[in-house]
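Report on one structure; see the data block that follows.
The values are calculated or read from the model by the stated rules, or taken from the named source; none is laboratory data. Owing to the predicted nature of the structure, the values given are computational and were not obtained by experimental measurement. Cβ: placed from backbone, ideal geometry, glycine included. Neighbour counts: every protein chain shown.
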Amino acid sequence: MSSSQVKSATRVLDVLETLASNAQPTPTMAIARECGIPKSSAHHLLNVLQERHYVVYYEREHAWGLGVKTFEVGSTYLRRTPLQRLGRPVLEEVCAEIEETCHLAILHGADVLYLDKEQPDGQGPSLVTDIGVRLPAHLTAVGWAILSQLSEAQVRAVFGAGPMVNRTGAGPVDLDSLVSDLGDTRQRGYAFDDQMVTPGICCIAAPVFSHEDLPVAAIGISYLAAKSDDLLVSGYSKVVAGAAQELSIKLGWQQQDSGRTAA
């Protein structure tokens, strides 16, 4: 590799690390200054990174932030290392406490990928959410839990302009309605899937955060819709929020340094 290629690679990493260290979107001039590179070079690198979805440009702020591809790379690392291993005992604890099926999932493009699953003893409801299964993120509680912690620009980058599939007649009909639903989810603190994937099955989920305060996964509880009422939803939402917080802490997340609160 030539010295110029090494220099370019170093600058790309410097740009990404600068954006990761800033809580707010960062203007091009500030990025150039912090990275010690000419503004023209910073602008060129940012445009290339934007094409690959590693960064996103916020028109209103005239500033840059990390894109969804950066999130996916981080999720892949966690999937292959501590996330599933640390999440297994948490799922076991929740399943033993409420005797419902529990899941651990991550965002994978516009889908969610189920990494782990714990079922109670005995015959439970038939679910499609086995380990390794991918489902549309906009139709699942675990997907909503993660997506609700992304910016609107990141959510729109995930789904693009394509049509939104539907399985049961429930769920968002277009991207605008999904963005609105995700705002409600963020305010509530947990996600609720009312039979969007499978008729007769509901799910409640909460996001899991990394040590960098990024939403890297979600824990979900699935149960029969016939059992659902306000009291059950309230109870399960507290259980799943507690489980998600427990796993987040195991991943190095520090609540006192975060503006986020559990449901």
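Residue-by-condition table, conditions (1) assigned to a helix (DSSP H, G or I); (2) surrounded by 15 or more Cβ atoms within 10 Å (Cβ to Cβ):
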{"site": "177", "(1), (2)": "yes, no"}
{"site": "180", "(1), (2)": "yes, no"}
{"site": "187", "(1), (2)": "yes, no"}
{"site": "202", "(1), (2)": "no, yes"}
{"site": "207", "(1), (2)": "no, yes"}
{"site": "211", "(1), (2)": "no, no"}
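Considering 88, 79, 33, 60, the condition of being outside any loop (DSSP other than H, G, I, E, B) and at pLDDT below 90 is satisfied by 79 alone. The residues of the stretch 18-64 that are of a type in the set (D, E, K, R), more than 28 Å from residue 211 (Cβ to Cβ) and either crowded, with 16+ Cβ neighbours inside 10 Å or touching a helix residue (DSSP H, G or I) at 6+ places or on another chain (Cβ under 8 Å) (or both) amount to a single one, 39. Residues in the stretch 99-119 that are hydrophobic (A, V, I, L, M, F, W, C) and out of contact with any strand residue (DSSP E or B) (no Cβ under 7 Å at 6 or more places or on another chain): 107 only. Taking the stated definitions as given, is residue 111 of a type in the set (Asp, Glu), touching a residue at least 12 places away in the same chain (Cβ under 8 Å) and touching a helix residue (DSSP H, G or I) at 6+ places or on another chain (Cβ under 8 Å)? In short, yes.
From the list 118, 97, the lone residue that is in contact with a Cys (Cβ under 9 Å, 6 or more places away or on another chain), within 17 Å of residue 244 (Cβ to Cβ) and surrounded by fewer than 22 Cβ atoms within 10 Å (Cβ to Cβ) is 118. Among the residues of the stretch 206-229, those identified as in contact (Cβ under 8 Å) with a residue 60 or more places away in the chain and over 16 Å from the mean Cα position of the chain (by Cα) are 221, 222, 223, 224.
In the condition set (1) polar (S, T, N, Q); (2) modelled with pLDDT of 90 or more; (3) within 20 Å of residue 233 (Cβ to Cβ), residue 129 is compliant with all but (2).
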